[in-house]
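The values are calculated or read from the model by the stated rules, or taken from the named source; none is laboratory data. All values derive from a computational prediction rather than experimental measurement. Cβ placement follows ideal geometry from the backbone for every residue including glycine, while neighbour counts extend to all protein chains displayed. Protein only, heavy atoms only, side chains kept; ligands, DNA and RNA dropped before computing areas. Shrake-Rupley method; radii C 1.70, N 1.55, O 1.52, S 1.80 Å.
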Amino acid sequence: MEAKREELGLDKPVVVQYVNYITGVCRGDFGKSYRTGEPVLRELAPRLVTSMIVTLGAVAIGAVLGIILGIISAIKKYTWADSLVLIISMFFQSVPEFVVALVLILIFSVQLHLLPATGVEVASGYILPMLCIGLSSVASYTRITRSCMLEVLGEDYIRTARAKGQTEPNIIKRHALRNVMIPVAQSIGSNLGVAIGGGMVIETVFSIPGVGKYIVDAITQRNYPSVLGGVLILALILTLINLLVDISFILIDPRLKTTIISGGAKKAKKA
């Protein structure tokens, strides 16, 4: 036992262990798995690709459905269609993801035999996990899109476009939707964390060899280096994606670039 403690570095003070771990992380060394003896980063690499496919696909499904439903809800405000959209979106937000997962498996795998219930050996294996995680975020996208769309549709430039004789679909596509996309993009950044957290449960339900299932298995095995490495990798990825989302604001609305530059120039002038 003493030899193993010395081998794992557990005989050193906690502060020294922490410094050694952080130093190793900066070099790309996340430690070795207690169970297999392999470097954690080597075990995480193939699983990371699988998890990112599921997460990004789920976010894309949730965003597309939420934006479409939000637009419909805003155009048909205070009608039965508006109420139906809000009820459906809130239903999927309220029901736990693992319950939705079991229902989807029962319908599409057990009864209809259309999609595999577990694994991602074939591309169709990604559909149910993506759909399950994506549906839980539809409500937030729908709510944000609806509120922003209602605000934008009341602006003067929208009335001017209607006065010029432009069709309603053209007004929504060319004038309203672009201004709505900035708060939606902000919501995507925040929902990524929810999708990654939910992916841990969904990957376990669908037996997907991703980072989430890897972390859950490591927790049950008390494989602490694997748990720390998996969580840290997911945190770094989430930070990077949020940075990319912030950068995308400029691509969505080029006016922000002018605002940022002019604001920086004013600060420099004051300094």
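Nearest 10 degrees, 0 to 90: what angle lies between the long axis of helix 80-94 and the longest principal axis of the chain (Cα atoms)?
For 80-94 against the chain, the angle is about 10 degrees.
With a point put 7 Å past each Cα toward its Cβ, work out how far L251 is from M52 in nm, to one decimal.
1.5
Round to the nearest 10 and give me the degree value, 0 to 90, for the angle of helix 177-205's Cα axis relative to the longest principal axis of the chain.
Compared with the principal axis, the helix lies near 30 degrees.
What does the accessible area per residue of the chain come to in Å², with a 1.4 Å probe and no ligands, DNA or RNA counted?
58
For R159, R47, what's the largest-to-smallest order of accessible area, 1.4 Å probe?
R159, R47
Once amide H atoms are placed 1.01 Å from N in the peptide plane, what residues at a sequence separation of 5 or more from K32, or on another chain, have their amide H within under 5 Å of its amide H?
V40
Between R178 and I22, 0.36 nm times their residue separation minus their Cα-Cα distance comes to what?
Contour length minus the Cα-Cα distance gives 51.9 nm.
Roughly speaking, to the nearest percent, how much of the range 110-245's 1.4 Å accessible area is carbon and sulfur?
Summing carbon and sulfur atoms, their accessible area is 64 percent of the total for the range 110-245.
Assuming R0 = 45 Å, what is the FRET efficiency of V122 and E155, from their Cβ-Cβ distance, to the nearest 0.05?
Rounded to the nearest 0.05, the efficiency is 0.40.
Suppose the chain between S207 and E38 were pulled fully straight at 0.36 nm per residue; how much longer would it get relative to their current alpha carbon spacing?
58.7 nm
Got the relative contact order for the chain handy, in percent, Cα pairs under 8 Å and 6 or more residues apart?
Relative contact order for the chain comes out at 24 percent.
Dipole of the range 101-240 (Lys/Arg Cβ +1, Asp/Glu Cβ -1, origin at the Cα centre): which of N223, G210, N179 lies farthest to the positive side?
N179
Spin-label point model (7 Å from Cα, Cβ direction): what's the E7 to S109 distance in nm?
Here the answer is 3.8 nm between the modelled labels.
How many lysine pairs does the chain hold where the Cα atoms are under 20 Å apart and the two sit 8 or more places apart or on different chains?
10
How much length would be gained if the chain were fully extended between F91 and A163, taking 0.36 nm per residue of separation minus their Cα-Cα distance, in nm to one decimal?
The F91-A163 span can extend by a further 22.0 nm.
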